[in-house]
Amino acid sequence: MTVPDTALFHPASTPDYLPRPQLRALQLDRLQTIVRRAYEYVLLYRQRMDERGLKPEDIRTLDDLPALPFTTKTDLRDTYPFGLFASPMEEVVRLHASSGTTGKPIVVAYTKEDVAVWTSVMVRSFAACGLHAGDIIQNAYGYGLFTGGLGAHYGAEGLGATVIPISGGNTDRQIRLMQDFGVTAICSTPSYFIHLAERAAEMGVDLRKLPLRAGIFGAEPWTDSMRRHIEAAADIRAIDIYGLSEIIGPGVAVECPCQDGLHVFEDHFYPEIIDPDTGHSLPAGAEGELVLTTLSKFAMPMIRYRTRDITSLMEEPCACGRSLRRMRRIGRRSDDMLILRGVNVFPSQVEEALLAVEGTLPHYQMVLTRRHGLDDLEVQVEVTPEVFSDKVGALEAFEERLTRSIEHVVGLRAGVRLVAPNTIQRSEGKARRVIDRRNEQGA
Ligand code: DLL
């Protein structure tokens with residue numbers, strides 16, 4: 001496997017622009033190697049393939065991939081901590097872990113080569129965003145077991161840019177350094193950046209007047225309305241980056257300057273779209289669950305990993321010239337879905353409905369309770385100080401407008417409560433949008 005020499009980095013020298021037939025040949029070659037490796041070294045893969053009477057040599061073309069069994073988060077939990085490793089510990093140079101919301105954490109492993117691949121896809125991600133040596137990148141993704149911090153760090157260094165490893169939190173200091181060091185790009189979750197922009201305004205710092213020109217935002221779903229809000233508040237380009245620990249971390253897919261879908265680094269991660277209910281592959285362009293296969297990861301190959309993220313693949317070529325297919329931005333996860341009074345509700349739809357009404361701020365929480373055996377949703381949302389200082393009657397009218405907007409987008413009448421500015425808890429990492437109190441006593 002060749003990894004681009006990042007010191008001499010130029011996007012044209014990467015597989016970003018490979019003609020599709022060449023890319024597919026590379027994918028097949030890597031897929032066959034990885035399936036062989038998984039079968040040889042990982043008991044779970046061997047057992048699952050044996051159950052289906054499959055041998056690695058049965059993977060003759062990329063179209064044979066759907067014959068292979070899926071891997072799920074439960075498999076990672078059940079084999080905790082090291083059961084899916086395909087490399088001996090002597091070759092594993094890094095572990096990351098995610099705590100998850102319930103139960104056991106999951107652990108992921110990297111060999112030196114895996115870290116090099118991760119660095120290369122992050123370098124390519126930053127380059128696709130228009131960053132280069134000379135840029136000063138403030139990395140506000142959390143450092144530690146979360147993959148965001150170190151993933152972006154290695155990528156920024158690999159690109160030859162200057163990285164400020166500040167991690168999440170300590171917002172006032174972030175703003176001071178941003179001014180003092182002339183930061184040109186920031187990496188963080190979109191929700192943390194919104195918090196930072198608000199705090200900057202409170203401190204009398206106008207982000208629009210700073211050299212900051214790009215934000216590389218990911219790790220949580222965010223809508224186009226949120227993007228517009230961020231771009232206007234800071235006069236920057238807000239770029240979407242996607243990834244997940246199980247596959248590598250950030251750097252699985254990223255937007256190019258066209259900002260119309262995220263290019264998947266298909267030479268390392270093979271995407272498929274399936275129906276989340278039946279598991280069947282869906283035709284090109286259809287929306288469904290994203291399934292990813294790592295084509296080059298040694299320490300912990302992932303075969304047909306069910307991400308739970310809902311998207312679709314765009315087959316048409318992109319104006320930027322990259323031959324890598326794009327996926328539409330992830331608005332939701334299949335396990336995000338709430339069913340309330342028979343209506344399917346996703347937090348991203350509620351966000352869209354709220355931000356469609358001028359005067360609403362992108363700080364909201366959905367609180368679920370149960371009354372007399374029936375589920376109830378209350379959407380708490382912050383509004384601008386101008387709206388909030390209005391008379392009671394005006395506030396009620398505003399709440400009613402939001403209720404109607406939600407009803408229009410989601411098809412459900414939910415309670416809306418305007419809350420004072422700065423009431424909804426800010427997060428340094430991923431925002432928590434849903435508070436489920438349905439099983440609390442007395443609820
Ligand atoms: O969040 C890796 C990452 C770090 C990505 C920094 C981008 C930037 P996990 O903690 O394992 O890894 O969470 C992965 O987060 O399955 C999606 O549901 C969600 N997610 C990540 N990026 C995006 C995005 C990191 N751009 C899970 N849009 C994924 C929407 C995203 N959801």
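The values are calculated or read from the model by the stated rules, or taken from the named source; none is laboratory data. All figures in this text were calculated on a predicted structure; none of them were measured in a lab. Positions of Cβ are generated from backbone atoms using ideal geometry, with glycine treated the same way; all protein chains shown enter the neighbour counts.
Being farther than 17 Å from Ala238 by Cα, touching a Phe, Trp or Tyr at 6+ places or on another chain (Cβ under 6 Å) and part of a helix (DSSP H, G or I), is that true of even one residue in region 108-117? Yes, there is a match, as at least one residue in region 108-117 is farther than 17 Å from Ala238 by Cα, touching a Phe, Trp or Tyr at 6+ places or on another chain (Cβ under 6 Å) and part of a helix (DSSP H, G or I). Can you tell me how many residues in region 312-343 are closer than 30 Å to Phe82 by Cα and buried (at least 20 other Cβ atoms within 10 Å of the Cβ)? Qualifying residue count, region 312-343: 1.
May I ask you to list the residues in region 294-303 that are within 15 Å of the ligand (Cβ to nearest atom) and under 12 Å from Leu68 (Cβ atoms)? Residue satisfying the conditions is Met302 alone. Evaluating His229 against the criteria (1) over 14 Å from Thr294 (Cα atoms); (2) surrounded by fewer than 23 Cβ atoms within 10 Å (Cβ to Cβ); (3) without any contact (Cβ under 8 Å) to a residue 60 or more places away in the chain leaves one unmet condition, (3).
The rows are residues; the columns are (1) of a type outside the set (S, T, N, Q); (2) modelled with pLDDT under 90.
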residue	(1), (2)
Ile330	yes, no
Asn344	no, yes
Glu352	yes, no
Val357	yes, no
Thr369	no, no
Glu378	yes, no
Val383	yes, no
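So is Glu287 more than 10 Å from the ligand (Cβ to nearest atom), under 19 Å from the mean Cα position of the chain (by Cα), surrounded by fewer than 21 Cβ atoms within 10 Å (Cβ to Cβ) and among the charged types (D, E, K, R) or not? Yes: the conditions hold for Glu287.
Of the numbered conditions (1) within 28 Å of Tyr45 (Cα to Cα); (2) within 16 Å of the ligand (Cβ to nearest atom), Asp275 satisfies every one except a single condition; which is it? The single condition Asp275 does not satisfy is (2). Just checking, does region 306-315 include any residue being more than 10 Å from the ligand (Cβ to nearest atom), within 14 Å of Ile406 (Cβ to Cβ) and not basic (Lys, Arg)? Within region 306-315, not a single residue is more than 10 Å from the ligand (Cβ to nearest atom), within 14 Å of Ile406 (Cβ to Cβ) and not basic (Lys, Arg). Restricting region 316-336 to residues that are more than 14 Å from the ligand (Cβ to nearest atom) and in contact with a Lys or Arg (Cβ under 8 Å, 6 or more places away or on another chain), the residue that is nearest to Val434 (Cα to Cα) is Cys318.
With respect to Ala156, determine if the residue is in the same structural domain as Ser245 (by TED's automatic domain parsing) and in a helix (DSSP H, G or I). Here the answer is yes, as Ala156 does meet what is asked. In region 177-192, the residues that are within 24 Å of Met226 (Cα to Cα) reach residues that are of a type in the set (Lys, Arg) and more than 14 Å from the ligand (Cβ to nearest atom) with C-beta atoms within less than 7 angstrom, at least six apart or across chains, in these pairs: Thr184/Arg213; Ala185/Arg213. Mind counting the residues in region 168-204 that are more than 16 Å from the ligand (Cβ to nearest atom), surrounded by fewer than 16 Cβ atoms within 10 Å (Cβ to Cβ) and assigned to a loop (DSSP other than H, G, I, E, B)? Residues meeting the conditions: 4. Here Phe265 meets the list (1) among the hydrophobic types (A, V, I, L, M, F, W, C); (2) under 22 Å from Ile239 (Cα atoms); (3) more than 15 Å from the ligand (Cβ to nearest atom) almost entirely, failing just condition (3). Here is the figure for region 139-159: residues that are touching a residue at least 40 places away in the same chain (Cβ under 8 Å) and surrounded by fewer than 17 Cβ atoms within 10 Å (Cβ to Cβ) total 1. Within region 229-256, being in a loop (DSSP other than H, G, I, E, B), among the charged types (D, E, K, R) and within 14 Å of the ligand (Cβ to nearest atom) holds for one residue alone: Glu246. Cβ separations smaller than 6 Å between residues 6+ apart or across chains give the following pairs from region 110-138 residues that are touching a residue at least 12 places away in the same chain (Cβ under 8 Å) to residues that are of a type in the set (S, T, N, Q): Thr111/Ser87; Val117/Ser296; Val123/Thr6; Arg124/Thr14; Asp135/Thr184; Ile136/Thr162; Ile136/Thr184. Of the residues making up region 211-228, at least one is among the basic types (Lys, Arg) and within 13 Å of the ligand (Cβ to nearest atom).
Taking the listed residues Ala394, Ala420, Ala353, the one that is within 28 Å of the chain's Cα centre (by Cα) and either of a type outside the set (D, E, K, R) or surrounded by 13 or more Cβ atoms within 10 Å (Cβ to Cβ) (or both) is Ala353, with no other qualifying. Just one of the listed residues (Leu76, Leu131, Leu95) is in a loop (DSSP other than H, G, I, E, B) and not polar (S, T, N, Q), and it is Leu131.
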